[in-house]
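What follows is a set of notes on a single structure, which appears directly below.
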Amino acid sequence: MKQRSTLPPTEELKTKSLRIVPPSGLGVWLTGLTAAAMSFLAVFAMALALTAGLVAQNWSSELQGRATIRILPSNENSAQQLDMLLQILAQTPGILKAQPLDSATQTALLAPWLGDDIPFDALPLPQLLDVTYAGERYDFEGLRLRLAAELPDAIIDDHMQFRGPILAAAQQLRWLGYGALGLILSVTAMMVVLAANAALAANGTVIKVLQLVGATDRYIVRAFVRRFALRAFLGACFGCLCAVLALHYMPKVAENSAFLRAFGFVQGQWIWPVALPFFVAGIAYIATRWAGYRKLKELI
Amino acid sequence: MIAFEQVAYSYGGTATLSDVTVQIASGSFHFLTGPSGSGKSTFLKLCYADLVPSLGRVSVFDQDTHALIRDDLPQMRRRIGVVHQECQFIEHLSVIDNVILPLTVAGRAALPKDVTDLLNWVGLSSVVGMTPAALSGGERQRVALARAVITSPEIILADEPTGNVDWEMSLRLLTLLVELNKMGKTIVVATHDLNLIRTVKAQVAARVLRIKDGRVLLAGADL
Ligand SMILES: Nc1ncnc2c1ncn2[C@@H]1O[C@H](COP(=O)(O)OP(=O)(O)OP(=O)(O)O)[C@@H](O)[C@H]1O
Ligand SMILES: [Mg+2]
């Protein structure tokens, strides 16, 4: 206990609404801890949602408008088959470009799997065509049927079979992330309401004294709100920082998974983890205010 | 300034106060006396609208305390200084912060000179930095009185302000109230101490209200 024999200077006698709520209350600590833990989780939920969104977008834009046609090796004259295919494609509306891959490119594609020293020329390899189409005007099913009828050795693949389910999964993952984020923030609000209620109940004497010396509800609530919002903000800052560090130092074994490598935030997305503490403080502000006015109405 | 009209108050069981009609004029000095448990504190709580009457009407500053809306109450309380019998403080704040609390909540700054003078008068200048928990009962009462008068309110209600202090200090505290009364403040002091009442009556025209069996009577000059 500090003993003061002389009076403090004028500045010290000014409004100190912040200190009217004891700084060491359980509710205040709980709020800080909750905000920290929840922000930590929220950053991961956010990263999940944003990464899933980004991956889905990349995949669909990368593969959008592209198809591959394979001419399976057969007894037919492959050059003739290729000519015929190109003719069919020329007649198909919506096809922008059809580019047969030359043997060097094909070899390069296969080399990682088969090795360099394989005599590719001797192998019965399919001829590959890279097709670019304009989405709206192109009738995949029609082309597929026509090829089946006229050139059964040519098989078209627009990557849909492979892309569809993964895209759906990525979308779902993204909504899952947003859902988790929503839940986390709601739970934060509820915890703050509970903690604020507990603090208001525990500080019954403080509130009574304040009311008797003429403090308005607004003044009393503001004192609580400030303390809680500030604690929530500090807690959230700490939680976000930990989460961002954890993301940064995520194990490098994830290197060969495209998704795990992308997991985190890119450029503009950093605004979200940075904004989170402010958002959490806002939630605490609203939650405490609401709880405060409710409790004060209850008291009288 | 304060008017009771056929006021009754009950905490649930039998009436603590019944059929009380009293006028407390502006600038008057009243003592409130009566046995323990007779309802002195209840009377004062009705005056500062901590309680509202079960029956009848209490008006303060010509406002019916029943009809006060939530936002009016703080405004009214700022015009009344109260020394509560329990002397409740905000225990984690220092004595000085507790004393200036009524100014703080009203958004007013304290003039250090006034605060110093006041604390010197009640003999508290050596304990300003302590927290209320470290004070003796008498010191707490003096802090409560200092807090009640710091805003120089129009009405000062003191519930047993001298219960735990020695005779010298009692006189000193009452002198403060008498001085404030001379400045035009309305004072009501609840006390058991008849000696104190007699001494003060010699200095100022004070009326004595006696609570007996739930009724408030004006005591005669005999006392
Ligand atoms: N909150 C309460 N609930 C129920 N009964 C109460 C309450 N406060 C006071 N009472 C009762 O009302 C009566 C008057 O109490 P009050 O505190 O006004 O007396 P008092 O004259 O101030 O007594 P004292 O001189 O001991 O301070 C008492 O019988 C008491 O038991
Ligand atoms: Mg009493």
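The values are calculated or read from the model by the stated rules, or taken from the named source; none is laboratory data. Worth saying up front: this structure is predicted, and the values here are computed from it rather than measured. We place every Cβ from the backbone using ideal geometry, glycine too, and count neighbours over all the protein chains shown. Heavy atoms of the whole protein, side chains included, go into the accessibility calculation; ligands, DNA and RNA do not. Shrake-Rupley method; radii C 1.70, N 1.55, O 1.52, S 1.80 Å.
Table for the structure above
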item: Furthest towards positive pole of dipole, A:GLY204, B:ILE156, A:GLN106, structure part the protein assembly as shown, Cβ charges; result: B:ILE156
item: Segment A:73-152 - percent of accessible surface contributed by carbon and sulfur, probe 1.4 Å; result: 56
item: 10 °C / 1.306 mPa s Stokes-Einstein diffusion coefficient of segment B:16-55, Kirkwood radius on C-alpha pairs, µm²/s; result: 140
item: Violating pairs (Cα-Cα greater than 32 angstrom) within the set B:LYS40/B:LYS113; A:LYS208/B:LYS212; A:LYS295/B:LYS212; A:LYS297/B:LYS201; result: B:LYS40/B:LYS113; A:LYS295/B:LYS212; A:LYS297/B:LYS201
item: Surface per residue (accessible, 1.4 Å probe) for chain B, Å²; result: 40
item: When the convex hull of its Cα atoms is projected in every direction, mean area for segment A:79-207 (nm²); result: 15.2
item: Relative contact order (percent, whole number), segment A:73-152, Cα cutoff 8 Å, 6+ residue spacing; result: 46
item: Probe 1.4 Å - accessible area at B:SER26, Å² to nearest ten; result: 80
item: Length added when fully stretched, A:TYR293-A:LEU128, from 0.36 nm per residue minus Cα-Cα; result: 52.2 nm
item: Of all accessible heavy-atom area on chain B, the percent that carbon and sulfur account for (1.4 Å); result: 50
item: 0 to 90° range, to nearest 10: angle between helix B:194-203 axis and chain B longest Cα axis; result: 80
item: Global size of segment A:183-224 as Cα Rg and Dmax, reported in angstrom; result: 12.7, 41
item: Protection-proxy order for peptides A:177-188, A:96-107, each taking the mean of Cβ atoms within 10 Å per residue, highest first; result: A:177-188, A:96-107
item: For segment A:73-152, accessible area per residue (1.4 Å probe, heavy atoms of protein chains only), Å²; result: 66
item: Summed buried accessible area for B+A [probe radius 1.4 Å, Å², rounded to 100]; result: 3000
item: Positive-pole candidate from B:LEU118, A:LEU50, B:PRO35, dipole of the protein assembly as shown, charges at beta carbon; result: B:PRO35
item: Volume of the Cα convex hull of segment A:73-152, divided per residue and given in Å³; result: 107
item: Farthest positive-ward along chain B dipole, Cα basis, beta-carbon charges - from B:LEU173, B:TYR9, B:LEU145; result: B:LEU173
item: At R0 = 51 Å, FRET efficiency that the Cβ-Cβ distance of A:ALA79 and A:LEU247 yields, to 0.05; result: 0.40
item: Cα point-scatterer Debye curve for the protein assembly as shown, base-10 log of I(q)/I(0) at q = 0.05, 0.07 Å⁻¹; result: -0.43, -0.60
item: Relative contact order of chain B, pairs being alpha-carbon contacts under 8 Å that are 6 or more residues apart, as %; result: 29
item: Chain B: angle of helix B:137-149 to the longest principal axis, Cα-based, in degrees nearest 10; result: 80
